[in-house]
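Q: Structure in structure tokens, see below.
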Amino acid sequence: MNSRLDRILNYSICLLVFLLPIFWVPFFFEAWEFPKQILLLSLSLLIFTLSLIKAFLQRSFKILWPFDALVLGFLLIAVLASIFSVDRIFSLFGFYGRFSDSLLNLISLGLIFFSVSRSSKEPDVRPLKAFLLSGLLITILGYYSILARHSNFNLVAPSLEGLAMFLAPLLFLSLNLDFKRISLIFSFLALGLIFLIDYTPSLFVLGLTSVFLFDLFIS
């Protein structure tokens, strides 16, 4: 039972990190951030519920001090800020085009933290691989959008600038993973797409991270 529950939990985490960047629903009133918020909330509740069931079956309820206290304190401050906000609806759900700042998103991320930090004693690279595969798919679609001139459409954000800011840190994350073939293909394509978009903040992130990695390498 526990092994089956572990597999379901791990697959749910992989599904979340794979789907979240590419999830896009054209018939919603906002096609990018709002669907991602619904997906994040739904899967985080599922993952947290599975983690609770697993902890109950194993009779193991761990407290990770001080991280649990810090996250709970931050969430408590966010909840109080929303309660005493001038507009509670916007605080809870966010506002049009900026749903990622909502209280629901913060709670979802908190649930993910409490679930993942207790999911396994051994490091699991499968979620990172799923995230990288999602990034590779987004990069390929980004090239198609630019070369086919489809109004700069991409799955991550309403603009190509948002896509570039997503790819820049993911590019350097891929360099530290052991999936050599996937990492190499993604790194080559993502780097080319970032330069093709030519968005200054993403190039700044690229340069800053390059300096950090170079300093880390020579030291």
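Q: Against the definition (over 26 Å from Y11 (Cα atoms) and either aromatic (F, W, Y) or surrounded by 14 or more Cβ atoms within 10 Å (Cβ to Cβ) (or both)), how does S102 come out, yes or no?
A: Yes: the conditions hold for S102.
Q: Starting from residues that are surrounded by fewer than 12 Cβ atoms within 10 Å (Cβ to Cβ) and among the charged types (D, E, K, R), keep the ones in segment 53-91 and report whichever is nearest to the chain's Cα centre (by Cα).
A: Among those residues, the one meeting the criterion is K62.
Q: Does L76 count as of a type outside the set (G, A, S), closer than 24 Å to K129 by Cβ and not assigned by TED's automatic domain parsing to the domain that holds N154?
A: Here the answer is no, as L76 does not meet what is asked.
Q: While we're on this one: Given the criterion of a type in the set (F, W, Y), touching a residue at least 12 places away in the same chain (Cβ under 8 Å) and not assigned by TED's automatic domain parsing to the domain that holds L72, identify the matching residue among Y199, Y144.
A: Sole residue among the options that is of a type in the set (F, W, Y), touching a residue at least 12 places away in the same chain (Cβ under 8 Å) and not assigned by TED's automatic domain parsing to the domain that holds L72: Y199.
Q: Of the numbered conditions (1) part of a helix (DSSP H, G or I); (2) hydrophobic (A, V, I, L, M, F, W, C); (3) at pLDDT 80 or above, L213 satisfies every one except a single condition; which is it?
A: Unmet for L213, out of (1) part of a helix (DSSP H, G or I); (2) hydrophobic (A, V, I, L, M, F, W, C); (3) at pLDDT 80 or above: (3).
Q: Please indicate, with yes or no, whether at least one residue in segment 59-73 is touching a residue at least 40 places away in the same chain (Cβ under 8 Å), within 30 Å of Y199 (Cα to Cα) and of a type in the set (D, E, K, R).
A: no
Q: Could you tell me which of the residues L43, L132, L111, L50 is crowded, with 18+ Cβ neighbours inside 10 Å, assigned by TED's automatic domain parsing to the domain that holds A190 and at pLDDT 90 or above?
A: Within the list L43, L132, L111, L50, the selection yields L132.
Q: Hey, could you check segment 1-19 for residues that are within 17 Å of the chain's Cα centre (by Cα) and without any contact (Cβ under 8 Å) to a residue 60 or more places away in the chain and say which is surrounded by the fewest Cβ atoms within 10 Å (Cβ to Cβ)?
A: Among residues in segment 1-19 that are within 17 Å of the chain's Cα centre (by Cα) and without any contact (Cβ under 8 Å) to a residue 60 or more places away in the chain, the one surrounded by the fewest Cβ atoms within 10 Å (Cβ to Cβ) is Y11.
Q: All but one of (1) in a loop (DSSP other than H, G, I, E, B); (2) farther than 18 Å from F114 by Cα; (3) modelled with pLDDT under 85 hold for I89, so report the exception by its number.
A: (1)
Q: I'm trying to understand the selection: among the residues of segment 132-162, which are of a type in the set (G, A, S) and farther than 14 Å from F23 by Cα?
A: G142, S145, A148, S151, S159, G162
The values are calculated or read from the model by the stated rules, or taken from the named source; none is laboratory data. Everything quoted here is computed from the prediction, not taken from an experiment. For neighbour counting, all protein chains shown are included, and Cβ atoms are generated from backbone atoms with ideal geometry for every residue, glycine included.
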